[in-house]
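Participant: Take a look at the following structure, please.
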Amino acid sequence: MYPEGLVYVAGHRGLVGGALVRKLQADGYQRLLLRERGELDLTRQNEVEAFFAAERPDYVFLAAARVGGIHANDSYPADFLRDNLQIQTNVIDAAQRHGVRKLMFLGSSCIYPRLAPQPMPEESLLTGPLEPTNQWYAIAKIAGIKLCQALRRQHGFDAISVMPTNLYGPGDNFDLETSHVLPALMRKFHEAAQAEAPEVVVWGSGTPRREFLHVDDLADACLFLMRHYEDEEPINVGWGQDATIRELAYLMADVTGFEGRIVFDETKPDGTPRKLLDTSKLEALGWTPRIPLRAGIEETYRWYLASLQGLRD
Ligand code: GDP
């Protein structure tokens, strides 16, 4: 059983895949299968098929996806729907047919209805309308969960679905157009602090509430669930508490040393009013996260500063 066997991490260049590789390596996993996008295009069914037929991995972490923040989701709906459907269908289907022993599909908390009860239990899936700004991504992820469930029922394939809350950490995307809020604010506040700018503009009203989990905690949970979870129902992974975007902005100002004004641009969308996961199912299995928000942001900020230094060198 796992940890022996060949482990394929799909999406190892991303935030989640990168953290999974770090965690697997730290835990002594020797047999990791990784492919760059130029070597294997996961949106191409024939390439994915040939890869699984040739390499025959035993365990798969499916962390490859087209991801992005509220603006990217709203601007590129076709890319988010089509690319994610293609990637996940190709990988999950080929994994089942080529003898993979267990697969983990990574989803997102945006699969739950916009106005789901908070914190959101796994059972709230498909009980109400989705948040419109990221419905394309959410529909693709829901289809992925259902494909895992269907393959388990029809073929006994051990595919599990894990739903993380909003993630952050080293290796995140800091592009202001496409990133999520936490890296976007880190960059905005850092640059404003350096330039001694008078103000930073934060999108929306500042009142939406989001839950943030450090990606190293997620990677730890993923390895735990690969060993201890075997069920067709998705399972949530979160920090357990949320914060307003306003609170996040003030925290980021403090960490980066920004002393100017914080302005909220209410012409930009707020998205879902609140996203907090109910993690009681995971806690009952015996796993809890370890990295508090401020400590996680400080660590990510050190990584960000080092990566900027790397670019300059
Ligand atoms: P969401 O969790 O899917 O809504 O995605 P985001 O992480 O992109 O956005 C979370 C919240 O942060 C939304 O209410 C955004 O309007 C707000 N926000 C404030 N400033 C920014 C920013 O600079 N970038 C992003 N992506 N979101 C921001």
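Participant: Within the range 209-243, which residues are in contact with a Pro (Cβ under 9 Å, 6 or more places away or on another chain), closer than 19 Å to residue 101 by Cβ and part of a loop (DSSP other than H, G, I, E, B)?
Facilitator: Passing the criteria: none in range.
Participant: Now for a different question. Applying the selection to the range 184-198, what residues are surrounded by fewer than 18 Cβ atoms within 10 Å (Cβ to Cβ), away from the ligand (no atom under 15 Å from the Cβ) and in a helix (DSSP H, G or I)?
Facilitator: 194, 195
Participant: Out of the residues in the range 281-313 that are over 18 Å from residue 162 (Cα atoms) and among the aliphatic types (A, V, I, L, M), state the one that is surrounded by the fewest Cβ atoms within 10 Å (Cβ to Cβ).
Facilitator: 311
Participant: Output the number of the condition that residue 101 fails; it satisfies all remaining conditions of (1) crowded, with 21+ Cβ neighbours inside 10 Å; (2) within 15 Å of residue 6 (Cβ to Cβ).
Facilitator: Failed condition: (1).
Participant: Let me spell it out: the conditions are (1) surrounded by fewer than 21 Cβ atoms within 10 Å (Cβ to Cβ); (2) more than 12 Å from the ligand (Cβ to nearest atom), and residue 163 meets all of them except one. Which number is the exception?
Facilitator: Against the list (1) surrounded by fewer than 21 Cβ atoms within 10 Å (Cβ to Cβ); (2) more than 12 Å from the ligand (Cβ to nearest atom), residue 163 comes up short only on (1).
Participant: Give the range 178-205 a look and list any residue that's of a type in the set (S, T, N, Q) and within 21 Å of the chain's Cα centre (by Cα), or say none.
Facilitator: Answer for the range 178-205, where residues must be of a type in the set (S, T, N, Q) and within 21 Å of the chain's Cα centre (by Cα): 178, 179.
Participant: Just wondering, is there one or more residues in the range 141-154 that are within 14 Å of the ligand (Cβ to nearest atom) and either in contact with a Ser or Thr (Cβ under 7 Å, 6 or more places away or on another chain) or more than 25 Å from residue 19 (Cβ to Cβ) (or both)?
Facilitator: Yes: one or more hits.
Participant: Here is a follow-up. Please go through the range 71-89 and give me each residue that is away from the ligand (no atom under 16 Å from the Cβ) and surrounded by 23 or more Cβ atoms within 10 Å (Cβ to Cβ), ordered by number.
Facilitator: Those that are away from the ligand (no atom under 16 Å from the Cβ) and surrounded by 23 or more Cβ atoms within 10 Å (Cβ to Cβ): 87, 88.
Participant: Further question: Given 201, 181, which one is surrounded by fewer than 22 Cβ atoms within 10 Å (Cβ to Cβ), within 16 Å of the ligand (Cβ to nearest atom), at pLDDT 95 or above and more than 17 Å from residue 279 (Cα to Cα)?
Facilitator: Every option except 201 fails the conditions.
Participant: Scan the range 20-36 for residues that are at pLDDT 95 or above and either under 14 Å from residue 65 (Cβ atoms) or assigned to a loop (DSSP other than H, G, I, E, B) (or both) and report the count.
Facilitator: Looking only at that region, the number is 4.
Participant: If residue 68 satisfies all but one of (1) out of contact with any Gly (no Cβ under 7 Å at 6 or more places or on another chain); (2) at pLDDT 95 or above; (3) surrounded by 18 or more Cβ atoms within 10 Å (Cβ to Cβ), what's the number of the condition it fails?
Facilitator: For residue 68, the failing item is (2).
Participant: Enumerate the helices (runs of 4 or more DSSP H) found wholly within the range 39-144, keeping only those where 2 or more residues are among the aromatic types (Phe, Trp, Tyr) and at negative phi.
Facilitator: Passing ranges, in order: 45-55.
Participant: If the Cβ limit is 6 Å and pairs must be 6+ apart or interchain, which residue in the range 190-205 that is within 18 Å of residue 304 (Cβ to Cβ) and touching a residue at least 40 places away in the same chain (Cβ under 8 Å) pairs with which residue that is near the ligand (Cβ under 9 Å from one of its atoms) and basic (Lys, Arg)?
Facilitator: Sorted first by the residue in the range 190-205, then by its partner, the pairs are 200/188.
The values are calculated or read from the model by the stated rules, or taken from the named source; none is laboratory data. Predicted model only: the values in this text are computed from it and were never measured. Every residue, glycine among them, receives a Cβ derived from its backbone with ideal geometry; neighbour counts consider all protein chains shown.
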